[in-house]
Amino acid sequence: MKDFISMLDADRLFIENIISLSAFLKEKNKRGELYRPLEGFKAALIFEKPSTRTRVSFEVGVFELGGHGVYMDNRSSQLGRGEPIKDTARVLSRYVDLIVIRTFGQERVNELARYSTVPVINALTDEEHPCQVLADLFTIWEYKGKLEGLKVAYLGDGNNMCNSWLIGAAYMGMKFYTATPKGYEPLPFYVERAKEIAKETGAEIVVTHDPVEAVKDADVVYTDVWASMGQEEEAEERRKVFMPYQVNSELVKHAKPDYLFMHCLPAHRGEEVSEEVLEGERSVVWDQAENRLHTQKALILKLVRKPKP
């Protein structure tokens, strides 16, 4: 694998390897042990969308592995002045060992990878958020000890998170139920691909409009904001449409008693999730956020690690 620009670039073995390596790296951090196998490594971090967890976890991750990250946004690079993405790809490939990009259209990431001679990582687009799903799967594995056969209920908007989760769950043989209002379903392409993968892995993929059906006997209850970046003008209308899908103390009564609550953050308390659930004893969102660091370090190592001379 040269690039990681979609969950479709992965497979079950790749995800299992990422989980194993993430656990190793997390344990190193807990012990305060330095592990810097990429001394001299350089990464370009292109952020055309605002970020907290993704930016900090990638910058810190590159540093902890022994490398140096160069942060770029539209104000500090020629991308903001209209330079073609293919030109940026060819230039940066001569300076750095890895390009990480957080942007809007998936086609920008695809073009960047097409013209880059170094690995490219998708740190979020409007269509996918594959790095988050790697951290999510690792977090569930930490708590449950397995992934196969577990039921994940995803409530709210069938957005980039949902698209990537469909594929990740299908690879790992999970039961993935997504409940959205009508007209807000995940992209059909990802639903169809997930169902194709499920035929080989035994996964169960269900798209419904009933939040109770989704949450019933769920091992994991997951949600995301109702209005993503670029949808701020729709926020008020979306609140009305999505309120029946709020994850609250009443809805989670339908989940298993030992369910995990997950959210990729930032969270809007009182909208997609109630305060008592987000701050409750079944919430693992802070571990989930921390694990972005460990899984992204693992991903970098999988893509760029060089054998010792």
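Would you check which residues across segment 22-56 are under 13 Å from Glu290 (Cα atoms), in contact (Cβ under 8 Å) with a residue 24 or more places away in the chain and not aliphatic (A, V, I, L, M) and list them? Selection gives Ser22, Lys26, Asn29, Thr52, Arg53, Thr54, Arg55. Among the helices (runs of 4 or more DSSP H) confined to segment 201-291, the ones with at least 3 residues that are touching a helix residue (DSSP H, G or I) at 6+ places or on another chain (Cβ under 8 Å) and assigned by TED's automatic domain parsing to the domain that holds Ser164 are located at 211-215.
Please determine, by comparing only the residues of segment 13-50 that are in contact with a Gly (Cβ under 8 Å, 6 or more places away or on another chain) and among the basic types (Lys, Arg), which one is farthest from Leu137 (Cα to Cα). Once the filter is applied, the top-ranked residue is Lys42. Once segment 180-229 is narrowed to residues that are in contact with a Lys or Arg (Cβ under 8 Å, 6 or more places away or on another chain) and over 24 Å from Trp286 (Cβ atoms), the residue that is surrounded by the fewest Cβ atoms within 10 Å (Cβ to Cβ) is Asp217. Among all positions in segment 247-267, there is no residue which is more than 30 Å from Gly145 (Cβ to Cβ) and either crowded, with 17+ Cβ neighbours inside 10 Å or not aliphatic (A, V, I, L, M) (or both).
If you filter segment 57-80 down to residues that are in contact (Cβ under 8 Å) with a residue 60 or more places away in the chain and among the hydrophobic types (A, V, I, L, M, F, W, C), you find that the one that is nearest to Gln106 (Cα to Cα) is Phe58. Selection of segment 273-289 for residues being more than 14 Å from Val220 (Cβ to Cβ), within 18 Å of the chain's Cα centre (by Cα) and in contact (Cβ under 8 Å) with a residue 12 or more places away in the chain yields only Ala289.
The values are calculated or read from the model by the stated rules, or taken from the named source; none is laboratory data. Keep in mind it's a predicted model, so treat the numbers as computed, not measured. Positions of Cβ are backbone-derived with ideal geometry, glycine not excepted, and every protein chain shown enters the neighbour counts.
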